[in-house]
Amino acid sequence: MPLEITTVNVNGIRAAVKQRSENNRGFLPWLDATTADVVLMQEVRAGEELAREALAPALDAGWHLTMSESTVKGHAGVGVLTRSAPVTVRIGFGSDEFDELGRYLEVDLETDLGPVTAASLYLPKGAALTEDPKDAAKYEEKKRFLDEFGDYLGNLVRRRRHVVVGGDWNIAHAEADIKNWKGNLKNPGFLPHERAWVGDLLANGWRDVTRELYPDETGPYSWWSWRGKAFDNDSGWRIDYQLTNRSLAERAVKSTVDRAAAYDLRWSDHAPVTVIYE
């Protein structure tokens, strides 16, 4: 049987599950309809008790929820929904600074493809380096995260099992990953050192399975600003993706972005990104 994994930034799970209109009933109907075996969530922005309350219908239907909430209330938070209970759970990546901020979570699963480690990542957005102290602090925070997490990923990619790290990477790696790349050369998420960091991961064993499956496609974008006509004009960014080690990359056969049919049918500013492995 194939293994289907989805990653999605829910932009607040309590907001995502709300019914916004007769036609936009939120995240729960989407979850009920999906055939995914694993759903990696980012920006849950709720403690586990509140997240379980929001996801109660799905949990009653058999989904298993694993959470890493942030010590900063209403901020970040990652979760993993699985059809079967994880064998092992690991919160964080051994960081004194970041492990309590709800940015990284791993689960080990037994699947028809063999043992799989599936991780949900919410990488800091950061900021461009300016004279504003707040921008400088965000810039340095993201740089520290990239340095520390990059070292961890260097070891993780060599694990002797299938491994996937899915999430909101908050970095568009290449020009094909962002509609208005010329206008964003000095903006966080497309800064030279950020793009080089992803490039180093790909040069040292990690595989961007969506890009490998569709090497000549622009995008497919997964995030669009709520502002203006970004969604209607498909002026998006591909910042939600799945990086895998070689053994799992060789099993990837299809990748899709579940883009809403219209602006008012969105329950997040991100769209789910799904990869099927066989």
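So if R0 is 51 Å, what FRET efficiency would THR88 and SER225 give, r being the distance between their Cβ atoms, rounded to the nearest 0.05?
Step by step, r from the Cβ atoms, then E = 0.85.
Pick out, from LEU129, GLY114, ASN204, the residue whose Cα sits farthest towards the positive end of the charge dipole of the chain, with +1 on the Cβ of Lys and Arg and -1 on the Cβ of Asp and Glu.
LEU129
On average, how much area does the Cα convex hull of the chain cover when viewed from any direction, in nm²?
14.1
Given a Förster distance of 22 Å, report the FRET efficiency between TRP181 and GLU131 from their Cβ-Cβ distance, rounded to the nearest 0.05.
Efficiency, from the Cβ-Cβ distance: 0.30.
Taking the Cα centre of each part, how many Å lie between the range 45-114 and the range 215-240?
Taking the Cα centre of each part, the range 45-114 and the range 215-240 sit 27 Å apart.
Explain nothing, just compute: Karplus ³J(HN,Hα) = 6.51 cos²θ - 1.76 cosθ + 1.60, θ = phi - 60°, for every residue of the range 148-155 in order, whole Hz, x for Gly and Pro.
Working through the residues one at a time gives 6, 6, x, 4, 5, 5, x, 8 Hz.
Between PRO133, PRO220, PRO188, find the one with the highest GNM mean-square fluctuation for the chain; connect C-alpha pairs within less than 10 Å.
Taking springs between Cα atoms under 10 Å, the residue moving most is PRO133.
Under unit Cβ charges (Lys, Arg +1; Asp, Glu -1), what dipole magnitude, rounded to 20 debye, does the chain have relative to its Cα centre?
That gives the chain a dipole magnitude of about 360 debye.
With contacts defined as alpha carbon pairs under 8 Å and 6 or more residues apart, what's the relative contact order of the range 3-277 in percent? Please report the intermediate quantities before stating the final value.
Values: 610 pairs, mean separation 53.1, N = 275.
Relative contact order here is 19 percent.
Which distance in nm do the two modelled labels at THR218 and ALA174 give, with both placed 7 Å along the Cα-to-Cβ direction?
1.5
Give me the Å³ per residue figure for the convex hull around the C-alpha atoms of the range 1-151. Let's see the in-between values first.
On the way: hull volume 20.4 nm³, N = 151.
It comes to 135 Å³ per residue, whole-number rounded.
Ratio of the range 145-230's C-alpha Rg to 2.2 N^0.38 Å, to two decimals?
Ratio of Rg to 2.2 N^0.38 Å for the range 145-230: 1.18.
What number, rounded to the nearest 500 deg cm²/dmol, is the helix-based mean residue ellipticity at 222 nm of the chain, given -39500 (n - 2.57) per DSSP H run of at least four residues and division by all its residues?
Helix contribution divided over all residues of the chain: -6500 deg cm²/dmol.
The range 81-235: Rg/Rh from Cα coordinates, Kirkwood Rh? Walk me through the numbers on the way to the answer.
Working: Rg = 16.8 Å, Rh = 17.2 Å.
Checking Rg against Rh, the ratio lands at 0.98.
With N residues in the range 191-278, what two-decimal value do you get for its Cα radius of gyration over 2.2 N^0.38 Å?
Dividing the Cα radius of gyration by 2.2 N^0.38 Å gives 1.19.
Would you please report the Å³ per residue occupied by the convex hull of the alpha carbon atoms in the range 104-166?
So the per-residue hull volume is 71 Å³.
Could you give the C-alpha radius of gyration of the range 52-114 expressed as a fraction of 2.2 N^0.38 Å, taking N as the number of residues it contains?
1.23
By the gyration tensor of its Cα atoms, with a ≥ b ≥ c the square roots of the eigenvalues, what is the shape of the range 171-212: rounded for a/c under 1.5, prolate for a/b over b/c, or oblate?
oblate
Computed from the coordinates by the stated procedures, all read-outs in this text should not be read as laboratory data. Owing to the predicted nature of the structure, the values given are computational and were not obtained by experimental measurement. With ideal geometry, Cβ positions are generated from the backbone for all residues, glycine too; neighbour counts draw on all protein chains shown.
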